[in-house]
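The next block holds one structure in the form of structure tokens; read it before the comments.
The values are calculated or read from the model by the stated rules, or taken from the named source; none is laboratory data. These numbers come from a predicted model, not from an experiment. Cβ atoms come from the backbone with ideal geometry, glycine included; neighbour counts cover every protein chain shown. Calculation scope for accessible area: heavy atoms of the full protein, side chains included, ligands and nucleic acids excluded. Shrake-Rupley method; radii C 1.70, N 1.55, O 1.52, S 1.80 Å.
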Amino acid sequence: MIHDEALPKPLLNGVLLGLIITLLPHVLHLPAWLIILALAAVAWRHFAAKFHWRSPSRPLRLGATAAIFVIIYVGCGGINDPHAGVSLLVAMVAVKLLETKQRRDAMLLLFLSYLLIGSIFLFNQHIILAIYALGAITWITATLLQAAQENQNLAWRLAVRHSAALIGQAIPVMLVLFILFPRLSGPLWSVPHEGGKGQTGMSGYMEPGSIGELSLSQAVAFRVRFLDKPPQASELYWRGPVLWRFNGQSWSTDDRPGDNDLSKLELQGQALRYEVMLEPHGQHWLLALDMPVRTNRSDARWLAGQLLTDHEVNERIRYLAISYPQYRLEPNLSAEDRQRGLSLPVSSNPRAAALAHQWRAQGLNDRQIIKRALAQFHDQAFFYTLHPPKLQGNTIDEFLFQSRRGFCEHYASTFAFLMRVAGIPARIVLGYQGGEHSPISGYYLVRQADAHAWTEVWLADAGWVRIDPTAAIAPDRIEADVIVGLSGTTQRERDGMSWLHQFGLAWDAINYHWNDWVLGYGPERQQQTLRGLGLAWLTPSQLVLLMTTLVLAILATTSTLLLWHRQPRTETAGLQYRRFCKSLALLELIRAPHEGPADFGRRCAQQYPELAPLINRFIHLYIEQRYQSQTQVELHRQMRRLLLRLRWIILRMHLARLYKRTVASQSSKP
Amino acid sequence: MPIPADTTPVRRFVLRWVADRHTRHHGPLSLQRRKIYILPTRYGLLFGAMAVVLLLSAINYGNSMAFAVAFLLMGIGLMDMYHTHQNLLGLTIEPLSAKAIFAGMTAQFPLRLHNPSRRPRMSILLESPDGYVTAVDVPGQAQIVSELTANSKQRGMLSAPRFAVSTRHPLGLFRAWTWMQLEMDCLVYPQPLPKAWLPANGTGVEGEQRPALIEGQDDFNGLREYRQGDPYRHIAWRHMARRDGDPITKIFSHSANAQLWLDYDELPELNREERLSRLCRLVLDCESKSIRYGLRVPGQDIAPDLGIQHKESCLRMLALYGLEGTHSHDT
């Protein structure tokens, strides 16, 4: 390899194509101008080679480099962020392209392409992107192969094939390393978090319309696999944050430390164990079935009916949780919590307040008041719709007496307000309701569209009781565009399973396993896997030793397989001839034992003149092969191709005759 | 290979080790596992560094796919190493006889590369210590003849230098190589002088010829019909024009029956190598002018004759005169 020689044009174009392939997916997360700049540099390099343009002068290049670096540094606020790091990588590629003249520059660009394709995953690890990256790596490796040729260029088709073979052999090594390489639980250097940017999900805040927005999103919120018998779909209330504070329009969490005393929770009935894989939502709570008790995460704690972690959930996490569908929470309410559950802003929503006061004045007890409020929603013309009219001012008054069209947050908010006015402690719980059972992989898929808000009221003896006022609306007043149903069955299920929907579920199942086993393969999953393999007792250093041994074993196996594959096959010509004879036997041309290939071929050709050219050529090649000391690869390949064509034609003829015979025999019958 | 005195101890140790492991070998040599060495190239180091950078960022961000890419690249590197090694393993290299050359020219040692396996051996390099590199692809189960190039500085029997057979195929991340020194000689004739005069005193010239400068004016001796093989510059163009285009050849007196003795001792004013170079030129000139010539050096002589075989035996005598055996490549 003479590295200072000028770059051959096909090689250069291969490198440029590889760069285009690797740069394109970065558009998803890097500033578009940077990618366009880099692609422009690629185009410039292509035409510069074509029309013999000269490279820009050194000061110009240095100036451009400095300018891009400054822009990136300022734009990303430092370089610790992966965005900045990868942007710099892209800028480096663009600048390097301006001075790519020699083979070694091409090699450098190829290595940068590898880095670029690997760095895509810092932003997005979708399965489609992984497949794309595999293709891109195949192409880059093919170009590397091309660059390392000493004599002449390979055909690209051949280079890609070699590269694919090489990658196929590398994949077992990758798998072993992936499974056994010791995983750490923390980062090596501090990683700036993105603070839930661009993540969908609920916040610890609810106002009219905030959940309605979410309900349009088909994005996955989390997936659940039950280890015990799953409850009824209508019982699937997934708890998120608990909202106490009401300012007249919106509800929010309050910042009180809250009570984490589990002794206030009396559990009844059967426990339910399940595993949740939660998509990142940038908040502190873990979603869990009403009523969660604990999880296997050390950084999660129970706090007054919520599960909270110490860190924001900024990546997909997995946890086991235990819930008790039947429970009694805080049968004795502290004075302070009672105060929290009743506090209202002064003089808000006077008409609604008057209504609640009126119920109390009628002498109704707590339970009767609850029933009365729910009856209000059911009997009057309340509609459940995704597109409620905008409310202003005293939103609850307006909703209760005028618009009467709303989404779950309207009902929950109104109901909780009425309760508080009537002197019943009430609070809002945000979360998700329902979930779609995926028949393919057996988990429940909960989407953002399943987001829900309900209320809890405190009743003496019973403690906090879940009341879902949305469920009180008469079913005939649910508008058709509502995707989320009321009793856990969804519109999708009612429609039956279209094949597209089936496909969607299958695709989600693949994604689920991908997320679970590939992307979620961290220290815990690794321990689990090792336990499954009976290797949990290995220390990290023994693990590395095992890994090395296995990689060597793979090398040995590969070499044995390849060597075995490469053994000269002496009988292949004979084998092909036997196949040839077998195929012709379909046409009732059977080789007599005394017949040599030439005679048999001649007889066949006479019988079927339309096949004669193919047969003659095949026999000719066979004889040539047969009586030659060395097998010749080219002859061999020709023979194989011929045989393939012959067999195809003969099969068609045979089927046609069979068909004709069947038709004839049927028509001869009465 | 003699070890130059100015090398560092470490280098000297390595060179001696190499010399001990790769002694001269007679006949075809098959590349054995224990004599194939492999090290990463600088691109290989860069590739490794890149995989490590990816791995570090994968560890830091706990990013599974970055792990996967880093491990895939490591796997590719490992497989490349394996294939690079396999590209040499089992290849057989057989020395063929080299054509004689004149000192100062490059010697071409032909080698037959035999690939016993079905898989082609791509981009095999024959690297001579003089910096000549020949690249060759050997298809599966095939034999290819290629050449090892070396410099020749002086006459004598030049033995093939220790050379490296190396490859970086397929990805160029590793270089596998072995050294070999095959028993293979190339006869190096003395470097002929650009021009030479016949001996002035005419000793050894039989017949009536006076000593003559071979290059230049010869005695014109008449004309005859052109015969195939006559040198063009002996054609009498002027006569030909007169005689309607039938070619006529000028005959020079010594071309027909002259006989020269080229005698080492006739050139007393010169040192040995200069005399040999001059004699070499005279042998070539006599041959091209078809003057029968004999060669005499102290202790040996070859009777006057003409023809390629005669020329070669004369040149061989000149090449080996006063030398014993072969000289090694870089003495």
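Some notes on this structure:
- The condition of being more than 10 Å from every other protein chain (Cβ to nearest Cβ) and either modelled with pLDDT of 90 or more or within 30 Å of B:V52 (Cα to Cα) (or both) holds for A:V160.
- Single condition A:Q125 does not satisfy, out of (1) facing chain B (nearest Cβ under 8 Å); (2) modelled with pLDDT of 90 or more; (3) open to solvent by 10 Å² or more (accessible area, probe 1.4 Å): (2)
- Residue check for A:I179: facing chain B (nearest Cβ under 8 Å), open to solvent by 10 Å² or more (accessible area, probe 1.4 Å) and under 27 Å from the mean Cα position of the chain (by Cα): no
Residues checked against (1) among the small types (G, A, S); (2) surrounded by fewer than 16 Cβ atoms within 10 Å (Cβ to Cβ):
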| site | (1), (2) |
| --- | --- |
| B:L89 | no, no |
| B:G104 | yes, yes |
| B:L113 | no, no |
| B:P116 | no, yes |
| B:S128 | yes, no |
| B:Q141 | no, no |
| B:L148 | no, no |
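- A search for C-beta distances below 7 Å between a residue of region A:577-589 that is touching a residue at least 60 places away in the same chain (Cβ under 8 Å) and any residue that is among the aromatic types (F, W, Y), counting only pairs 6+ apart in sequence or on different chains, returns A:F580/A:F618; A:L587/A:Y608.
- In region A:361-397, the residues that are outside any loop (DSSP other than H, G, I, E, B) and surrounded by fewer than 20 Cβ atoms within 10 Å (Cβ to Cβ): A:A361, A:D366, A:R367, A:Q368, A:K371, A:R372, A:L374, A:A375, A:Q376, A:H378, A:D379, A:F383
- Residue match in region B:69-86 (condition: hydroxyl-bearing (S, T, Y) and at the interface with chain A (Cβ under 7 Å from one of its Cβ atoms)): yes
- Test: residue in region A:599-610 that is more than 30 Å from B:F71 (Cβ to Cβ), in a loop (DSSP other than H, G, I, E, B), at pLDDT 85 or above and not acidic (D, E): yes
- Taken together, A:I72, A:I68, A:I36, A:I20 contain a single residue that is out of contact with any His (no Cβ under 6 Å at 6 or more places or on another chain), farther than 26 Å from A:W156 by Cβ and open to solvent by 40 Å² or more (accessible area, probe 1.4 Å), which is A:I36.
- Within region A:95-108, the residues that satisfy the criterion of being away from chain B (no Cβ under 12 Å) and open to solvent by less than 10 Å² (accessible area, probe 1.4 Å) are A:L97, A:T100.
- Checking each residue in region B:171-181 for being in a strand (DSSP E or B) and not polar (S, T, N, Q) picks out B:F174, B:R175, B:A176, B:W177, B:W179, B:M180.
- Failed item, numbered, when A:G305 is tested on (1) closer than 30 Å to A:R225 by Cβ; (2) modelled with pLDDT of 85 or more; (3) open to solvent by less than 20 Å² (accessible area, probe 1.4 Å): (2)
- Count of region B:56-86 residues, restricted to those that are open to solvent by less than 20 Å² (accessible area, probe 1.4 Å) and not small (G, A, S), is 13.
- Among the residues of region B:52-68, those identified as farther than 15 Å from A:V86 by Cβ and at the interface with chain A (Cβ under 7 Å from one of its Cβ atoms) are B:I59, B:G62, B:S64, B:F67, B:A68.
- In region A:296-320, the qualifying residues are those that are of a type in the set (A, V, I, L, M, F, W, C) and over 23 Å from A:V518 (Cβ atoms), and the one that is farthest from the other protein chains (Cβ to nearest Cβ) is A:A304.
- Test: residue in region B:43-52 that is open to solvent by 30 Å² or more (accessible area, probe 1.4 Å), assigned to a helix (DSSP H, G or I) and in contact with a strand residue (DSSP E or B) (Cβ under 6 Å, 6 or more places away or on another chain): no
- The residue that is most open to solvent (accessible area, probe 1.4 Å), among those in region B:150-172 that are over 30 Å from A:L108 (Cβ atoms) and charged (D, E, K, R), is B:K153.
- Pairs are defined by a Cβ separation below 9 Å, a sequence spacing of at least 6 or placement on different chains, a first member in region A:205-227 that is part of a loop (DSSP other than H, G, I, E, B) and modelled with pLDDT of 80 or more, and a second member that is buried (at least 18 other Cβ atoms within 10 Å of the Cβ) and not hydrophobic (A, V, I, L, M, F, W, C); the pairs so defined are A:L227/A:Y274.
- Qualifying residue in region A:546-568 (condition: in a helix (DSSP H, G or I), more than 14 Å from chain B (Cβ to nearest Cβ) and surrounded by 13 or more Cβ atoms within 10 Å (Cβ to Cβ)): yes
- First in region A:509-520 and facing another protein chain (nearest Cβ under 9 Å), second anywhere and surrounded by 17 or more Cβ atoms within 10 Å (Cβ to Cβ), Cβ under 6 Å, 6 or more apart: A:V518/B:S64; A:L519/A:Q125; A:L519/B:S64; A:G520/A:R318
- Region A:437-477: number of residues that are basic (K, R) and in a helix (DSSP H, G or I): 1
- Residue in region B:150-161 that is touching an Asp or Glu at 6+ places or on another chain (Cβ under 9 Å) and within 14 Å of another protein chain (Cβ to nearest Cβ) present: no
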